[in-house]
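Report on one structure; see the data block that follows.
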Amino acid sequence: MAAAAPAIPAAAVLPLTAALLVTVPVFLQAPWVRAAPMAAALFTLPLMALALLLERRGQGQWQQLGVLLVGFCGSWLGGCLFWGWVRLHPVMHLPIEAFALPLAVAGLGGRWRLAGAFYLGSLLGTASTDGVMAAAGLMDLWPQVLNAPLAEAPLLLQGAAIQVLQPWPLALVGLTASLLVLICRRLWSQGGAWRVAAAALGTTLAVDALFLGAALLAPHLSGLI
């Protein structure tokens, strides 16, 4: 008789869920927003309804997953608003993604702690990515890539990725990545909701690395274009 698959430890469920939710925008939200931004933004409503239902009616981990999903709704809506309507203006990226920042910070002190932790972890990852791009002088290439004809965009994206391999941008990327890994380890050591923040931040870092690799090796597959 075949042995049963090992169960996921209860303490790992929420961090793993947070990591999974960070990858959703890459594979689902990006193409959906390009095709139908309003539909993607309005999807926040049933998503939030599900989150609140789980939070109010769920038991144990289901209730916690509902709280976590509330934080994801904030990240989802911010991404839809930016990529759907103002994606050619990178200076607006972080302010729009951070629209729920006051709510997230306030939530850390009460029943929405998991939601706030997830949102803040994701937002720190976004801020770090944008900060590195700005410091490396790559922000001006953002609207050029998005505005380019479909046949030319992959080459422009690949050119931007190659610039990251220059000494100064590469050193900046390495330093920032090392700092974020240290922050993730510190957050993880705090336990509880902070492990959710660590998982969200660490997965954002991994997704950024995947995106850079795709931009270098297969730019036509990038979610950006």
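Only the coordinates and a few stated rules stand behind these numbers; no lab work does. Bear in mind the structure is a predicted one, so any value in this text is a computation, not a measurement. A quick note on method: Cβ atoms are made from the backbone with ideal geometry, for glycine too, and the neighbour counts reach across all protein chains shown.
Listed values, structure above:
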read-out: Pair Ser189, Ala218: separation of 7 Å Cα→Cβ label points (nm); value: 3.9 nm
read-out: Rel. contact order, % - alpha carbon contacts under 8 angstrom, at least six apart, the stretch 21-72; value: 26 percent
read-out: Net lengthening on full extension, Ile162/Val105 (0.36 nm per residue, minus Cα-Cα); value: 16.8 nm
read-out: Value at 222 nm in deg cm²/dmol, rounded to 500, when DSSP H runs of n ≥ 4 in the chain each add -39,500 (n - 2.57); value: -24500 deg cm²/dmol
read-out: Rg over Rh, two decimals, the stretch 165-225 (C-alpha only, Kirkwood Rh); value: 1.08
read-out: DSSP H segments from the chain that extend 30 Å or more along their own axis, Cα-based, with Kyte-Doolittle mean of 0.0 or above; value: 61-85, 113-135, 167-190, 193-217
read-out: Taking the stretch 13-221 and dividing mean pair separation by its residue count, relative contact order in percent (alpha carbons under 8 Å, at least six apart); value: 23 percent
read-out: Extension reserve of the Ala206-Arg56 stretch, reckoned as 0.36 nm per residue once the Cα distance is removed; value: 50.7 nm
read-out: Structure-derived percent of Cα pairs over 32 Å apart: which label, when the choices are (1) 25; (2) 21; (3) 17; value: (2)
read-out: Relative exposure of Val86, Val91, judged by other C-beta atoms within 10 Å (fewest first); value: Val91, Val86
